Amino acid sequence: VINRMGFNNGGQAAAQPRLDRLRSKAGRGLVGVNIGANKDAADRVADYATGVVTMAGLADWLTVNISSPNTPGLRALQDEGALDALLAAVRDARATVAQTGHRPPLFLKVAPDLEGEQIDGVVRSAMTHGIDALIVGNTTISRPPLQSRHAGEAGGLSGAPLAPLALQRLRDFRSASGGAITLIAAGGIASADDVWERLCAGASMVQLYSALVYEGPWLARAIARELTQRVEQAGVDSISAIVGSKA
């Protein structure tokens, strides 16, 4: 899938009352809130800090998304200097809200197009500012060989063609961090085999997106059932026993 939609939604003002209603329902499950800056924001760091303050009481975790390729200039926040300023601001915003009893984990979602020193810089900054996990990664602006006549269109590429790059970046972030920060894998995950491979490479959790378009919402349950069988076959007590086993 190639998408170039950007953060097209009603914003925090629209989401807040819906999430507030959801919070009061029994069996609501876990709710994660993804925070991104407005395309036309004069101060993008302030946008993220505002998002943390607004959504901290409504979320089981918050994701600071600085890796969408569809908001011009957003990925520049992944540069170490800019990232330090951003993460310091969101850390302070969470500390302020924590006084009210709400302190959700903070995740940082990064691009799979980062390399070398960029990866090292992200890891250093995330660990310095107490980020709880890195999500590796978002969609890619690169174009592996695609058969579609739309292959050259602008936007972020997701799904199966992203899988090899996303897996390699997961390995790179594991190597750079030495397992000292939790990693969440995303990108081209569509089966229990994909999940198992990401866990062995160092991910503690995974996220599914494009695969749900093709398989529907029950895919997660099918994968969970197969993973249970894989754990039994591997002779380990829990799924956590394989995390990083091939890192």
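The values are calculated or read from the model by the stated rules, or taken from the named source; none is laboratory data. All figures in this text were calculated on a predicted structure; none of them were measured in a lab. We place every Cβ from the backbone using ideal geometry, glycine too, and count neighbours over all the protein chains shown. Heads up: the accessible areas ignore ligands, DNA and RNA and are worked out on the full protein's heavy atoms, side chains in. Shrake-Rupley method; radii C 1.70, N 1.55, O 1.52, S 1.80 Å.
Of all residues assigned to segment 204-221, none qualifies as being in contact with a Lys or Arg (Cβ under 9 Å, 6 or more places away or on another chain) and at positive phi.
Okay, residues lined up against (1) touching a residue at least 40 places away in the same chain (Cβ under 8 Å); (2) open to solvent by less than 10 Å² (accessible area, probe 1.4 Å):
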site: Leu58; (1), (2): yes, no
site: Trp61; (1), (2): yes, no
site: Ile66; (1), (2): yes, yes
site: Asn70; (1), (2): yes, no
site: Leu74; (1), (2): no, yes
site: Leu83; (1), (2): yes, yes
site: Leu86; (1), (2): yes, yes
site: Asp92; (1), (2): yes, no
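For segment 191-225, a residue qualifies if it is assigned to a helix (DSSP H, G or I), open to solvent by 80 Å² or more (accessible area, probe 1.4 Å) and farther than 26 Å from Leu108 by Cβ, and the qualifying residues are Asp193, Tyr214, Glu215, Arg221, Arg225. Taken residue by residue, segment 88-107 has no member that is under 18 Å from the mean Cα position of the chain (by Cα), within 22 Å of Leu167 (Cα to Cα) and not in a strand (DSSP E or B). Among the residues of segment 226-245, those that are farther than 16 Å from Thr182 by Cβ and open to solvent by less than 40 Å² (accessible area, probe 1.4 Å) comprise Leu227, Val231. Picking from residues in segment 180-190 that are of a type outside the set (A, V, I, L, M, F, W, C) and either touching an Asp or Glu at 6+ places or on another chain (Cβ under 9 Å) or part of a strand (DSSP E or B) (or both), the one that is surrounded by the fewest Cβ atoms within 10 Å (Cβ to Cβ) is Thr182.
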